[in-house]
Amino acid sequence: MVTAGLLVLRLVLGLTMAAHGAQKLFGWFGGPGLAGFGERLDQLGVRPGRSWAIVSAVVEFGGGLLVAAGLLTPVAALFLAGNLLVAILTIHLTRGFWDRDGGYEFPLSLLGGLIALSLVGPGSASVDAVLPRLPEPATWLAAVIVVLLGVVAAAASGRLQPADHSRESVR
């Protein structure tokens, strides 16, 4: 039963994130594509928007597929969780908890599931089950540190960009 439960969890979380990433990366499923997503990130103060759009879309699409397949699951799940944490901090937090108001209810649910999956592993019905195991907890802790550094960089990126002085008069 645990194997089936982890398979369902991986497929739902992984394919949900991959589909969300496909919206951003390719413009599929009514998504904005990279250009539209990059502009939106610029508006939100996550700069440079195009660069962070590529990072976010690739993490969501690629990480989602990795989680669904159960390949490099702990690391892929943590990268996805970090991406969701940035979304919560930059978009959803100020809108409150409830999803109906654009709040963080849904991304927090995904984040919690992905962190849990990164801790318990993908189960025996996964590609990871037939590969040599990553060293634990060293790999997990290293991935957490990398993800947290990425979250800080993305969340602070708009504050660290130099101001645009192109419209100021020259003395």
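Taking the criterion of being open to solvent by 30 Å² or more (accessible area, probe 1.4 Å), touching a Leu at 6+ places or on another chain (Cβ under 6 Å), over 23 Å from Val146 (Cβ atoms) and at pLDDT 95 or above, would at least one residue in the stretch 105-125 satisfy it? Yes, the stretch 105-125 contains a residue that is open to solvent by 30 Å² or more (accessible area, probe 1.4 Å), touching a Leu at 6+ places or on another chain (Cβ under 6 Å), over 23 Å from Val146 (Cβ atoms) and at pLDDT 95 or above.
Could you grab me the full set of residues in the stretch 141-171 that are open to solvent by 70 Å² or more (accessible area, probe 1.4 Å) and modelled with pLDDT of 90 or more? Answer for the stretch 141-171, where residues must be open to solvent by 70 Å² or more (accessible area, probe 1.4 Å) and modelled with pLDDT of 90 or more: Leu141, Ile145, Val146, Leu148, Leu149, Val152. For beta carbons closer than 9 Å, sequence separation of 6+ or different chains, a first residue in the stretch 14-34 that is over 16 Å from Ala76 (Cβ atoms) and a second that is of a type in the set (Lys, Arg) and in a helix (DSSP H, G or I), the qualifying pairs are Gly31/Lys24; Pro32/Lys24; Pro32/Arg40; Gly33/Lys24; Leu34/Lys24; Leu34/Arg50. In the stretch 74-94, of all residues being at pLDDT below 95 and not aliphatic (A, V, I, L, M), the one that is farthest from Thr139 (Cα to Cα) corresponds to Thr94. Where residues in the stretch 42-60 are over 16 Å from Val152 (Cα atoms) and open to solvent by 50 Å² or more (accessible area, probe 1.4 Å), which of them is nearest to the chain's Cα centre (by Cα)? So the residue we want is Val58.
For the stretch 61-73, give me the residue count where each residue is farther than 17 Å from His20 by Cα and within 14 Å of the chain's Cα centre (by Cα).
1
Taking first residues from the stretch 41-66 that are modelled with pLDDT under 95 and partners that are open to solvent by 30 Å² or more (accessible area, probe 1.4 Å) and assigned to a helix (DSSP H, G or I), the Cβ contacts under 6 Å between residues at least 6 apart in sequence or on separate chains come to Leu41/Trp52; Leu44/Thr90; Val46/Trp52; Val46/Thr90; Gly49/Asp42.
The values are calculated or read from the model by the stated rules, or taken from the named source; none is laboratory data. Every value quoted in this text rests on a predicted model; they were computed, and no experiment measured them. FYI the Cβ positions are ideal-geometry reconstructions off the backbone, even for glycines, and counts take in every protein chain you see. The area values use the complete protein model at the heavy-atom level, side chains included, leaving out ligands, DNA and RNA. Shrake-Rupley method; radii C 1.70, N 1.55, O 1.52, S 1.80 Å.
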